[in-house]
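Colleague: To start, I am sharing the structure in question, which I have written as structure tokens.
The values are calculated or read from the model by the stated rules, or taken from the named source; none is laboratory data. What you are looking at is a predicted structure, and each value in this text was computed from that prediction instead of being measured. Every residue, glycine among them, receives a Cβ derived from its backbone with ideal geometry; neighbour counts consider all protein chains shown. The accessibility values were calculated without ligands, DNA or RNA, using every heavy atom of the protein model including side chains. Shrake-Rupley method; radii C 1.70, N 1.55, O 1.52, S 1.80 Å.
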Amino acid sequence: MRKTLLLSLMVLGCTDPFFGGSNEPTAPLSVTFSYSIIHHPDSQRRECKYTLTAEATGGSAGDFAVWETSVLQPQPGPPQDLSPLMLQDLWGVDRIRAGETLTSTPDIVRSPGVGEEGFLLDWTFRFGMSDGSHQSEALRVDCRG
């Protein structure tokens, strides 16, 4: 009887606002991306140095998203597929956990033959969620003037 009562109080304390818990539903885990950029023009080609940021909001403790694949599409230029291992190198880890903010290693993209107007980079990140679902998010990095 005592174990049942103790377990009941522990569960109640986790969800009852009186005991510091919350009865509000938890928003699902969401991963959003942003970037910061430094332009490096030179006489032969346009360079774009940028750093990506991924932020995981919502979810519960223990929720995560695992990097699956990504496509980087320079405009203009051919698309580049990135494997999970390449994404792990980019972010430094294979996943992002609820509440984390990750910053990528800085990357430099050079676009030969593009005038001073610069170029765009379209990223599509695909990741698997800890609940078994799969999501993707897009980010446009603007490397123009």
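Colleague: On alpha-carbon atoms, Rg over Rh for region 55-145 using Kirkwood Rh?
Modeller: 1.03
Colleague: For the peptides 54-65, 26-37, what is the packing order when you average, over each peptide's residues, the other Cβ atoms within 10 Å and list the highest mean first?
Modeller: 54-65, 26-37
Colleague: Could I ask something else about it? Enumerate the amide H contacts of Arg144 below 5 Å, restricted to partners 5 or more residues apart or on another chain; note that Pro and chain-start residues carry no placed amide H.
Modeller: Phe119
Colleague: Enter the accessible area of Leu102 (Å², nearest 10), with the probe set to 1.4 Å and all protein chains included.
Modeller: 20
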